[in-house]
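Below: the structure, in structure tokens.
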Amino acid sequence: MANFDIGLNLSNMSTSKKINCLIVDDEPPALDVLKKYIESIPSLQLAGSCSNAVDALAVIQKQSIDLLFLDIQMPQILGTDFIRTLANPPKIIFTTAYRKYAVEGFDLNAVDFLLKPIPFERFLKAVNKVMNTSIQQTNYLESNNNAEKEPVESFIHFRADRKILKVALDDILYVESLKDYIRVVTKNKTFLTKHSISSLEENLPASSFIRIHRSYIISINKIDFFTSELVGIGKQEIPISRMYRHEVEKVLKHD
């Protein structure tokens, strides 16, 4: 059975705009791990890596950096103090071995705070937050701009063995929780992945997917019919639990 890790990626259909990343860390092993993680995600692009804040500032002044993976405990200046020197800092994901810096990091509007050693699944979750923020900003700009916009297509990345596979969100019909695994059912195929359904729910856009049961998330656009007790997607009838019924009816009847 394949073991997958899940991440969310938004790519423009005509031009693939990647998130330009810079790593700042004085520990070579940490640099190597983050480089490997970034290079494994198609939507991320590694602009460079630095061992101190002085070199990082030079890179930021020369390039457009979208996302900064920043260690806190570094020589010369702390990562948190370095951010305070920037007039328009990029999005920040702090990386550190010291949990005590977490509150200060979030006070600086960091997207996330990763505690070393950083598991790949936790890294993906942090990157998802960056992407979800970008989605919200894009939607806001589009809603306030009457000019025609090129469509944006969404994907979920599945990490299988040493490969990164991607599935269009629009192809997903529903997701079922099976103890320690989830089953992702699409138009053309099904994946079993060791992942929690609650964690996946956080990474799916609420405008397109809804949790209708402790064991099920469905694509709203793929519903063929629904009652107060179940929804029908193709030949599959999926139960709506009492816990989620009120919210489900509110969303579906409004839709």
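The values are calculated or read from the model by the stated rules, or taken from the named source; none is laboratory data. Just so we're clear, the structure is a prediction, and the values are computed from it rather than from any experiment. Note that each Cβ is placed from the backbone with ideal geometry, even for glycine, and that neighbours are counted across all protein chains shown. For accessibility, only protein heavy atoms count, side chains too; no ligands or nucleic acids. Shrake-Rupley method; radii C 1.70, N 1.55, O 1.52, S 1.80 Å.
Below, the figures for the structure above:
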read-out: ³J(HN,Hα), Karplus 6.51/-1.76/1.60, whole Hz, each residue of region 185-200, x for Gly, Pro; value: 9, 10, 4, 10, 7, 10, 10, 9, 9, 7, 6, 8, 5, 5, 5, 5
read-out: Backbone HN-Hα couplings from phi across region 166-174 [Karplus 6.51/-1.76/1.60, Hz, Gly and Pro as x]; value: 10, 10, 5, 4, 5, 8, 6, 8, 7
read-out: Mean separation of Cα contacts under 8 Å, 6 or more apart, over the residue count of region 183-255: relative contact order %; value: 20 percent
read-out: Net charge over other residues, Cβ less than 12 angstrom from the Cβ of Ile93 (K, R count +1; D, E count -1); value: 0
read-out: Spatial separation of Cα centroids for region 192-241 and region 60-123, in angstrom; value: 35 Å
read-out: Within-12-Å neighbourhood charge of Gln236 [Cβ basis; K, R +1; D, E -1]; value: 0
read-out: Accessible area per residue in Å² at 1.4 Å probe, computed on region 40-118; value: 49 Å²
read-out: Other-chain or far-sequence residues with amide H under 5 Å of Lys17's (modelled H); value: Asn12
